[in-house]
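What follows is a single structure, written as structure tokens, with notes after it.
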Amino acid sequence: MKFAGAGLLALPVCFAAYGVVRLIGRVDGRYGPGPDWQAAHVVNLVGLLVFIPALVALWRSLPRTRGRDAAVVVALVGAATTVVQFVVDVVAGLLAADKAGMNEISGRFGDLPGAHLLFYVVGPPLLHLGLLALTILLRLPWWSPVLVLVGSALTIFSLDLIPVAGACLLVAMIPLARTRDRISPPPRHAQRMAVD
């Protein structure tokens, strides 16, 4: 279960690191394509890819309720669609010679039926919605859902606030990463009795 806790925290840590690398890359006014673009996006992609199995591991360790199941599924859909978005960004960064070329490649993907709506508009915010629901349903400290809300909202105002948003999400998710220590599934014999 230690993997699950660390994996959950990898998401905000890598998100914050993505924001820091992005800010550094923008200093010279030539962010993307290039090593800074790729480094930033790959770091965040790693965080997402580690987070997904960690969230599944947490989910399996918790008592099952419809609300928790729904929150985890929503977060997983959000994470998966965000992975697709970042993979497209990495590929565009590899194939394009300049920013216009990257926009053209991303635009071609976004022009696929339903792609823009699913992978850019509806999907990614579900990650934050699912995390917010989990912090509430698991009755984490009041500041945990508040920080998820703040961290999620900051990037709406400016992508330059990503490092701060990542820090908010990290602090918010520490109790979530420790949830397994506080909430245990019922013993196996109790589960059998409930089924019988």
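Every number here is computed from the coordinates shown, using simple stated rules; none is lab data. The shown structure was predicted, so the numbers you read here are calculated from the model rather than taken from an experiment. Backbone-built Cβ (ideal geometry, glycine too); neighbour counts: all protein chains shown.
Given a Förster distance of 22 Å, report the FRET efficiency between Trp142 and Arg66 from their Cβ-Cβ distance, rounded to the nearest 0.05.
That gives a FRET efficiency of 0.40.
Report summary: the helix-based calculation at 222 nm, which adds -39500 (n - 2.57) for every DSSP H run with n ≥ 4 and divides by the residues of the chain, gives -26000 deg cm²/dmol.
With a/c under 1.5 counting as rounded, go ahead and sort the stretch 1-122 into rounded, prolate or oblate using the C-alpha gyration tensor (a ≥ b ≥ c being the square roots of the eigenvalues; past the cut-off, prolate if a/b is larger than b/c, else oblate). In terms of gyration-tensor shape, oblate.
Of the listed peptides 77-85, 135-143, what is their order by residue-averaged count of other C-beta atoms within 10 Å, with the highest listed first?
77-85, 135-143
Apply 1/(1 + (r/R0)^6) to the Cβ-Cβ distance of Val122 and Leu94, taking R0 = 30 Å, and write down the FRET efficiency to the nearest 0.05. For R0 = 30 Å, the calculated efficiency reads 0.70. For the stretch 1-52 versus the stretch 98-119, the spacing of their alpha-carbon centroids is 21 Å. Centre-to-centre separation between the Cα atoms of the stretch 145-162 and those of the stretch 67-85: 18 Å. Who wins for biggest fluctuation among Ala92, Ala177, Ala70 in a Gaussian network model of the chain, springs between alpha carbons below 10 Å? Between Ala92, Ala177, Ala70, it is Ala70 that shows the largest mean-square fluctuation.
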